Amino acid sequence: MAIRYSFLSLIALIAFTATYSSLSVASLAQSKGFSGEISVSNTQVGEKSNLVASIDPKISASQEAYDEFWMPLGMLNYTFGSQSNKQWFIGTSRNDIAVGTFVLEGGYRQQQNDGSIWSVSYLPTVLGEPIWNNPYVSAEQLQAAEATGDAYRFQMENIAGSLFTLDLAYGTRVVDDELSATNLNLHSDYDRNSHLYYAKGSYTLAVNNHWLLFPSVIYVVDDAKGQAVRNQGSGAELTALFTYQRHSVATTMSYMNHEYRGENVIFDQNHRIDEKYSAFLAYEYLSLWNVDALSLISLSGYNATDSSIAFYESADWITSVGMNFAF
């Protein structure tokens, strides 16, 4: 079984890929026509959570579920227009795995005369997230289900030629056979089916020829059907990019505070608060073996949730190493 991170990370993915792409893309493409990249990475992941399904139902949040697999990723672009300023794109980026989510994205972007770039895209769920259909039962009664959904994104980079970027997204989460708290006659309060809203504003700060910084502020709304799991979150993120000769290193650290609006009857608490911490590190070595199109890539990430209700605390990590071929 491949372990996957929470479905909300599909929305978080939009933030990371938007930031990472703006690190290295000054224009849409060097020439018209097709371009893209293909990568393959050996990936290891681990997770501790009471909500995410594992092979063994008896695995609890105090025990780590682990998996290892090969992850193929790729992106195909088609650039056109009199100034090569229009582009269709589809695929999965090697940046996706940095947030532990495998998603397919397709869309359109266009660069304006002032240097700004706007894009719209659609992200369907290719592989659903394995979760328990009712996590509020004993280990022997746990049954696996799947969370799927879709996301729609609008992004405006370098707004009006400035150094500001805005990302907006809307998504849905649909839990197959959702039975949360049915055994306690509280299903309507814990229904995880949801509408998700995401907004992020970021700024590009050039320190010198080798360093770029990208501070960001983030706001998320998880409008779940169940009032006990409905929440809104706000936080900040800082991405730093260092480039030197063939080496590129990008590191991202973020903090989110999620406040839950409704009463959590099961745990007898009126105001649940989750604090989420994330750290990611991406490395790329260009022109591997002196082949311009080939590069070595490595990604590592760690997420932790510290909740006012211990049952909801979780942690997960990912590390991968592979090769990328650009064309």
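The values are calculated or read from the model by the stated rules, or taken from the named source; none is laboratory data. Source: prediction; values computed, not measured. As a convention, Cβ positions derive from the backbone with ideal geometry for all residues, glycine included, and neighbour counts pool all protein chains shown. Calculation scope for accessible area: heavy atoms of the full protein, side chains included, ligands and nucleic acids excluded. Shrake-Rupley method; radii C 1.70, N 1.55, O 1.52, S 1.80 Å.
General observations
- Available extension along the chain between ASP150 and SER84 is 20.8 nm, counting 0.36 nm per residue and deducting the alpha carbon span.
- Highest mean first, the peptides 276-282, 215-221 sorted by other C-beta atoms within 10 Å per residue fall in the order 276-282, 215-221.
- C-alpha long axis of helix 8-24 to longest principal axis of the chain, angle in °: 20 degrees
- Apportionment of accessible area to carbon and sulfur, the chain, percent (1.4 Å): 58 percent
- Binning the C-alpha pair distances of the chain at 10 Å intervals from 0 yields a P(r) profile of 6, 25, 35, 22, 10, 3, 0 %, listed from the shortest bin outward.
- Inverse of mean 1/r across different Cα pairs in the stretch 85-235, Kirkwood, Å: 17.9 Å
- Amide H within-cut-off set for GLU146, under 5 Å, with H built and near neighbours excluded: ILE131, ASP176
- Normalising by residue count, the stretch 213-268 has a Cα convex hull of 95 Å³ per residue.
- Nearby lysines by direct alpha-carbon distance to LYS32 (threshold 17 angstrom, same-chain neighbours under 8 apart not counted): LYS86
- A Gaussian network model of the chain, with springs between Cα atoms under 10 Å, assigns the largest mean-square fluctuation among ALA181, ALA199, ALA147 to ALA181.
- For the stretch 246-307, accessible area per residue (1.4 Å probe, heavy atoms of protein chains only), Å²: 52 Å²
- Remark: the stretch 134-192 carries 49 Å² of accessible area per residue (probe radius 1.4 Å; ligands, DNA and RNA excluded).
- For ASP150, neighbours were defined as the other residues whose beta-carbon sits under 13 Å from its Cβ, and their charges (Lys and Arg +1, Asp and Glu -1) total +1.
- Using only alpha-carbon positions in the stretch 213-327, the gyration tensor eigenvalues give semi-axes of 39, 14, 11 Å once each is multiplied by 5 and square-rooted (largest first).
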